[in-house]
Amino acid sequence: MRRLSFLKKKGPPGKLLICCGAGGVGKTTVSAAIGLQAALAGYKTLVLTIDPAKRLADTLGMKGLGNVEQRVSAQRLARLGLEPAGELYAMMLDPKQTFDDLVERYSHSDERLKTILSNRYYQHISSALAGTHEYMAMEKLYEIYQKRTYDLIVLDTPPNRRALDFLDAPERLLNLLGSRPVRLLMKPYFGLGRVGFYLFTAVTSPILQAISRLLGLEMLKDIADFLRAADDEMFEGFRQRAAQVRQILRDPDALFLVVATPSPAALSEAAFFYHRLQDQKFNFGGFILNRVHPRYMSSPVSEGEFTRWVEANEVLPPRLLDKLVTNFQTIERIAESDDRQIQGLLAKTGASAGIQRIPHFETDIHGLADLKKVSQFLVEGNEEAGR
Amino acid sequence: MFNKRLIFVTGKGGVGKTTISSAMAVAASKLGKKVLLVDVGGDDALAAGFGKDTIGHTPKEIYSLISAVRVDPRMAVNEYVHTFIKNQFIANRITRNRLLDYLATGTPGLREIMTLGKIWLWEQERDAASDAYHYDLIIVDAPAAGHGLSFLQVPQVLMDMIGIGPIKSQTEAVLGLLQHRKKTSLYLVTLPEELPVIETIQIYKAAAEVLAMPVGWVFINACHPKAFTTRESLEIKRRLRALRRDASNTGFLPTVLLSARIAIGRRVQQDHYVKRLKESIKAQFVEIPFRRSDVVAVCYLEEMAEELLRSVPT
């Protein structure tokens, strides 16, 4: 894939790679393999991931500490004969902590910060609300990118279409936090205590009264408290920040990779991601097709040869040969199907950035040696130019 | 497998929840049951398997004896507001305003409880003439685990938070149904791979401890047959080693041996994870054979349904 050729040999620093795709396609593994390849090529690289499998986390030396960058030790790599010209770091993102940090950055007083962090409404939004994790991943990416500590940052995004919603419009999340109509509606109550709050809802606003009947007064009170502590200035801070994050992601140095496996569901998700990236004018770096069954026979000529070879065989016992042939044909059929589906994806997207295939391996990928095997396929091997 | 009234199907993303839910529905319909298939994931994934473009927001027949519906949590919340706020002017102002979105977002579980409330209503529905249940079986293609679990946890969380009022009574009713062991069960879908297995074991534990919902069946999806005996595997490995020493060989031998290695390795891994599942989870298991198809289609669901009916007690 031409656009990933910078992974072969160290080039100018400042690149961002953002991996998107459906759940279960091996996005985290691919991200880690890209990171390893980049470090080998000489980049000082950070892999930023959200929820790695435990063994992969162990491999990368992440000891369950959220939001701290940790270096994958050179000795560990050396033991496997890997001597990176660069350095490899990994970090497990803690979205809630990132959100708390963001609030802290824009709070004017410790008291307000405390009020917000202990508010039930805020706690719900910052930990459980769909979209928060995606947005916080971008926030962290921006924060680290800005420091210019790394030559290359690889972000493993959460497996969710919302990852892109919030890329395009971070302000959507901000609206949920403090949209103006709600703020205006609640404002008269900011100064009142609990009893006063109750009286006012009862007397002055039929809407609030109706809502308090539905949801209970505590809920409204939580929201009012939150909005009082998180003032306009804080939201303005959030908004500016969101605009900067967005700008960075549209920079030519930020490349989006779409990871998939050759199954109908994952590929249709990949096509979805591709079209969304195009619509929103992000830089599409290419598809990475993971767990593709290798194809040994591509032409009918070799099929004839195969039959002749089977017939002429004297090396293998007939029963074993039989089984080997059946198994080979099964896997070959899967490989053909993989191939057709990948061609289908190209036909649907006309993707000119290309496709990189990573073959199916027999076992789980979690050791550094496994990652090295995967990373080879990112820069060489069956490269496919776009059509 | 089909002797419940309400089945929630969940599992990690990408393990085949939607396909298994659909195939179960087809199997139940072959037993003569009237089925309602409910999509609460929001991405309209059920439609393709039945050759439809989309599933609507009211139950509609998509296959003989099977109706399907997609619950839009926002619409469910709106309906709810209109049911309980008698003053339509105020109800309209609430639902049209951004306010409702904001509040529904900020109230943990409100959308989920409204969704579950709708499922509860369908469960109660009876035919006017015969007074029999309108649906014999409701299958819910629940959100991916993590989300799926918190989805089912909601009634309990809400019970703790809300003192009185209409939501409380709705929540009580839903909770009663979820914990009704005769009527309701949780089925899990997984793959014989590391992450899905770990997550499935987590869901199982949480289901027992937190939800007090029993897990009925575990579907292990995409299982490969055992292609070689242990002795044959050893022989294949030996021959592969020999090939490495002597590369002068010979036609397609390396090819067939390498593809055998793929099958053997995969099967070893599969056995390992199936064993781990069975050691950690007390439930019934069914292995669904791997099948690579280019598209999900009705005939595929029918084949799967037939296999299910052959291999599990109905």
Can you list residues from other chains, or at least 5 along the same chain, whose modelled amide H is less than 5 Å from the amide H of A:D231? none
If you plug each phi of segment B:120-137 into the Karplus form 6.51 cos²θ - 1.76 cosθ + 1.60 with θ = phi - 60°, what whole-Hz ³J(HN,Hα) values come out, in order, with x for Gly and Pro? 4, 4, 5, 5, 6, 4, 10, 6, 4, 5, 9, 6, 7, 4, 5, 10, 7, 8
Treat the count of other C-beta atoms within 10 Å as a stand-in for reagent exposure and order B:S67, A:S337 from fewest to most. A:S337, B:S67
Candidates B:R181, B:R111, B:R238; GNM for chain B (alpha-carbon contacts under 10 Å) flags as most fluctuating B:R238
Range of Cα positions in segment A:214-321 per principal axis (Å), largest first: 84, 41, 22
What is the log10 of I(q)/I(0) for segment B:225-314, computed with the Debye formula using one identical point scatterer on each Cα and no solvent, at q = 0.18, 0.21 Å⁻¹? -0.96, -1.07
From the C-alpha gyration tensor of segment A:234-387, pull out the three semi-axes of the equivalent ellipsoid (sqrt of 5λ each), sorted largest to smallest, in whole Å. 42, 17, 13
Residue-wise, which Karplus ³J(HN,Hα) couplings in Hz belong to segment B:12-22, taking 6.51 cos²θ - 1.76 cosθ + 1.60, θ = phi - 60°, and x for glycine or proline? 4, x, x, 9, x, 3, 5, 4, 5, 4, 5
Segment B:1-121 - percent relative contact order, Cα under 8 Å, separation 6 or more: 18 percent
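Each value in this text was obtained by applying a stated rule to the coordinates, not by laboratory testing. Computed from a prediction, not measured in an experiment: that's the story for all the values here. Reconstructed Cβ throughout: ideal geometry from the backbone, glycine too, with neighbour counts over all protein chains shown.
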